[in-house]
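**Q** Would you mind keeping the following structure in view while I ask a few things?
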Amino acid sequence: MMRNATFIIGGILFLAVAVLMGAIAMGSKETERVDAWSDIDPYEVGFNTQDPYFTDRDRLNALYDQAASAGAKWVRVTLFWDLMEPVKGQLDWERADMIFDTVKAKGLKMNLVIRSAPSWAADGADTSVHNYAPSDDQSYGNICYMIAKRYLNRGVPIVFELGNEQNMKFFNMPEVDPVKYTRNMLIPGSKGIRQAADQLGVPSPLILVGGFAPVEPYYVPDSVSPLDFMQAIYDNGGQGYFDSIAYHPYTYVSEPSGSHWTFAELQRIVDLMDGKGDTGRRIWATEVGWATGAGGGEVSEDDQAAFTAQEFDLWYSLPYAGPMLWYELVDNASHDDNERENTFGLMYSGEPMTKKPAFDVFAAKAAELAVKEKG
């Protein structure tokens, strides 16, 4: 009887020690995550710079030089999974290596988006539009693991963003589905990245929920509001698999204002996160900007410049503001192009690239933030 009691007591003590050691290990992981946050300066800004994946080395060098000249510290890069791994298990790293080498050479940091499932991971769909979501709960985790394993120790600070505007169908074909996003992208993607970090012996990088588009389903068919999408992430086990969210605070042709629906919706998401215990998270504005021109959805160059200054002031008045990455550095086409999506740049495309008035506004505001940071 005493021997049984001793065995039971010993078992309890062993279990207590195991639980304590597990708690210490978990505490260590949490410390890593806090340390990772401490390395992020919320006042650092950056750019989306066209699509680096489709740019040659000389052009990419020129783009990143222009970004740095405006005070940018971050660049947002999308790796297209369908182009990297069109055949399962056969990866082409050439373009990704070129991008990482260039970012490192320029001393920049990377906001890395991983998206666009290949046909074999999207139920055989025609993925030539580069906008399909994965249809299973393992493949995306595998590619995130392989990318993280290859690049986390390359000397480039990386913050991962899992997907892009996943609350709109355009970037998440064949349908918007927050449950599938959580189960097929967020959870496995986060696991893959953290596993790679553990194996490399480096701190786990920050992981962001993909940038929400500020859309209302009433006005934008086949969409889910950012708040409802975020609620679904919590409802389907996504908590703990992200450090914060990315958000795209576009106000379209309107000047930025705290009363605009875009910012009211963001506050509702922050309130939701706070209520779930995810407090004190810095929100990343990984896209924001205005298209210039005389067509629908476009503003004048003077308005673009004025709105740029106002956006800096408004964003950094928010207590949860993190880094802000402008969309975008350079137009995708010539300055007389009538296509709205091509004219968001703060510079005209072409050789050489030339500035719009908003470029100097951005640079001045970035310099002000740098002084604020040092102060």
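**Q** Considering only residues of the range 343-361 that are assigned to a helix (DSSP H, G or I) and touching a helix residue (DSSP H, G or I) at 6+ places or on another chain (Cβ under 6 Å), which is surrounded by the fewest Cβ atoms within 10 Å (Cβ to Cβ)?
**A** Result: Pro357.
**Q** Further question: Would you point out the residue of the range 329-342, among those that are assigned to a helix (DSSP H, G or I) and at pLDDT below 90, that is farthest from the chain's Cα centre (by Cα)?
**A** Arg340
**Q** Looking at Gly238, Gly210, Gly189, can you tell me which residue is of a type in the set (Gly, Ala, Ser), under 21 Å from Met168 (Cβ atoms), in a helix (DSSP H, G or I) and in the same structural domain as Lys169 (by TED's automatic domain parsing)? Give the steps one after another, and end with the answer.
**A** Values: Gly238 fails: in a helix (DSSP H, G or I); Gly210 fails: in a helix (DSSP H, G or I).
Just a single option satisfies the conditions, and that option is Gly189.
**Q** Sticking with this structure for a sec: Is it the case that Asp331 is more than 30 Å from Gly237 (Cα to Cα), surrounded by fewer than 20 Cβ atoms within 10 Å (Cβ to Cβ) and in the same structural domain as Gly240 (by TED's automatic domain parsing)? Please lay out each step first, then the result.
**A** On the way: more than 30 Å from Gly237 (Cα to Cα): yes; surrounded by fewer than 20 Cβ atoms within 10 Å (Cβ to Cβ): no; in the same structural domain as Gly240 (by TED's automatic domain parsing): yes.
So Asp331 fails the test.
Okay, residues lined up against (1) outside the structural domain of Val209 (by TED's automatic domain parsing); (2) aliphatic (A, V, I, L, M); (3) at pLDDT 95 or above; (4) not in a loop (DSSP other than H, G, I, E, B):
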{"residue": "Tyr250", "(1), (2), (3), (4)": "no, no, yes, no"}
{"residue": "Pro256", "(1), (2), (3), (4)": "no, no, yes, no"}
{"residue": "Leu272", "(1), (2), (3), (4)": "no, yes, yes, yes"}
{"residue": "Glu287", "(1), (2), (3), (4)": "no, no, yes, no"}
{"residue": "Asp302", "(1), (2), (3), (4)": "no, no, yes, yes"}
{"residue": "Leu314", "(1), (2), (3), (4)": "no, yes, yes, yes"}
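**Q** Just to verify a result, which residue in the range 281-312, among those that are within 13 Å of Val253 (Cα to Cα) and among the polar types (S, T, N, Q), is surrounded by the fewest Cβ atoms within 10 Å (Cβ to Cβ)?
**A** Top of the filtered list is Ser300.
**Q** Also, I was wondering about something else. Going through the range 139-173 one residue at a time, which ones are touching a Pro at 6+ places or on another chain (Cβ under 7 Å) and in a helix (DSSP H, G or I)? Step through it out loud before you land on a result.
**A** The first filter runs over the range 139-173 and keeps only residues touching a Pro at 6+ places or on another chain (Cβ under 7 Å), leaving 140-141, 152, 158-160, 167.
Selection gives Tyr140, Gly141.
**Q** Could you give me the residue pairs with C-beta distances under 7 Å whose first residue belongs to the range 52-79 and is within 15 Å of Leu325 (Cα to Cα), whose second residue is at pLDDT below 95 and in a helix (DSSP H, G or I) wherever it lies, and which are 6+ apart or on separate chains?
**A** Partner pairs satisfying both residue conditions: Gly71/Ala370; Val77/Pro52; Thr78/Tyr53.
**Q** Can you pull out the residues in the range 127-150 that are at pLDDT 95 or above, surrounded by fewer than 21 Cβ atoms within 10 Å (Cβ to Cβ) and not polar (S, T, N, Q)?
**A** Selection gives Asp136, Asp137, Tyr145, Met146, Lys149, Arg150.
The values are calculated or read from the model by the stated rules, or taken from the named source; none is laboratory data. Please read these numbers as outputs of a predicted model, since none were measured by experiment. Every residue, glycine as well, gets a Cβ built from its backbone with ideal geometry; the counts of neighbours run over all protein chains shown.
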